[in-house]
Each structure stands twice: as structure tokens, then as C-alpha cells.
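Engineer: The structure is given below, and queries will be raised subsequently.
The values are calculated or read from the model by the stated rules, or taken from the named source; none is laboratory data. Keep in mind the model is a prediction, meaning the values are calculated, not measured. With ideal geometry, Cβ positions are generated from the backbone for all residues, glycine too; neighbour counts draw on all protein chains shown.
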Amino acid sequence: MFITKVNKISIEKRELTERDCTSGDLEMLVAFQKRVRDCMKIRNNWRLFFAKDFAEILKKNDSIKLYYDGDTFVGFSILEVNHQRDLKKHRVEDLPGEQTAIVAGFMFAPEYWGNKLQQQLLCDMEETPRAKGLRYMLTMVAPSNKYSYDNFVNAKYRTIVDDMFIGGRRLILAKVL
């Protein structure tokens, strides 16, 4: 994925690098979320993950990817695979858990907003479940998070649940891979 501006200032196009998250990164991710969330106009668009939440994701062998611009940490993404319990939590029990992946989140530093990173990464992220033979992708978005919602709709996700969850009204979007 590429960036073309930092802090709304154009730069020469450059590629971000990625690596898998380890248990040593968890506290950094917690602090990063708090910093980014403080910059959001509508803070309840993002439910904070605690270190134990990130640890549980790693324990389930799901994917937390970390993204860097050189040595600068830019953000992360979370992809969960094959968890029927999570489908129940999302009030989507009619999709087969063994065939469904969940985009649990994308978060980027505010200075990197506007580079369409979520849109670029979503395309890449869908390749993992496809390679595993999964058929569905699912995500949860606050309706007030217009940019995320639009990114998913543009990627052919459709709303299948509109309901109140912890943190407020949320839309569950799904896509057949």
C-alpha cells in the first residue's frame, strides 16, 4: 500500500511496510488507539481494544498486521477467521462461522488519514480468507463513520444488520468472496 501525503502535505509516493504483531507490541497498540481516538470527531466510532483483547486475537491465530512508514508506526489492521462466537456477538448467526472472516478493525495515525489506506488494505486483506477457501467477509461500522462505511460499500459489502450495540448504533456489512 502506498502513501502520498503526511499531515495533508504531499510527499513522493512511497510504500508502507507491514509485519505481524507480537505479544511485545500490545501495550504500544493500546496507547496508539487512545492517541488516535482522541483525534476522532466522534470517539464512539471505535471501541478500544485492551491488551488482553489483542492477546486473545493472537492466541486464536488471527491476524494483527502492523504498518510502518520507514521506522514510523502508521497503524494496524485486525482480521479474525472462523469464530462462530464472534458471529453471535455480531448478531449474524446465519453465516457459517467456519466459512466467515471478520474485519475487526483498521486504525491509522491521523497524520496518515486521507491516503485511502483502509481501501487499499481491504483488497489485500480479502486475499487471506479467499486463499483459505472461506466464502464470506464481515465487518461492523458505526453509521457516523462515513469514510469507513463508504470504503466497505465501494468494495461491494452490503448491510445485513442495523442495530444497537455497546457504543451505539452499528451496521454489520457482509460480502460474498
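Engineer: Could you tell me how many of the residues in segment 141-177 are of a type in the set (S, T, N, Q), closer than 20 Å to R130 by Cβ and surrounded by 13 or more Cβ atoms within 10 Å (Cβ to Cβ)?
Structural biologist: 1
Engineer: If you check F76, F49, which single one turns out to be of a type in the set (F, W, Y), at pLDDT 95 or above and in contact with a Gly (Cβ under 9 Å, 6 or more places away or on another chain)? Before you say what the answer is, go through the steps one by one.
Structural biologist: On the way: F49 fails: at pLDDT 95 or above.
Only one candidate qualifies: F76.
Engineer: Now a separate question. All but one of (1) touching a strand residue (DSSP E or B) at 6+ places or on another chain (Cβ under 6 Å); (2) of a type in the set (K, R); (3) surrounded by 11 or more Cβ atoms within 10 Å (Cβ to Cβ); (4) more than 28 Å from S144 (Cα to Cα) hold for K60, so report the exception by its number.
Structural biologist: Answer for K60: the failing condition is (1).
Engineer: Six or more apart or on different chains, Cβ under 7 Å: which pairs go from a residue in segment 92-117 that's under 24 Å from C21 (Cβ atoms) and of a type in the set (S, T, Y) to one that's surrounded by 17 or more Cβ atoms within 10 Å (Cβ to Cβ) and modelled with pLDDT under 85? Could you list them?
Structural biologist: Within 7 Å, the pairs are T100/L87.
Engineer: Right, another one. For segment 97-112, give me the residue count where each residue is farther than 17 Å from S148 by Cα and touching a helix residue (DSSP H, G or I) at 6+ places or on another chain (Cβ under 6 Å).
Structural biologist: Residues meeting the conditions: 2.
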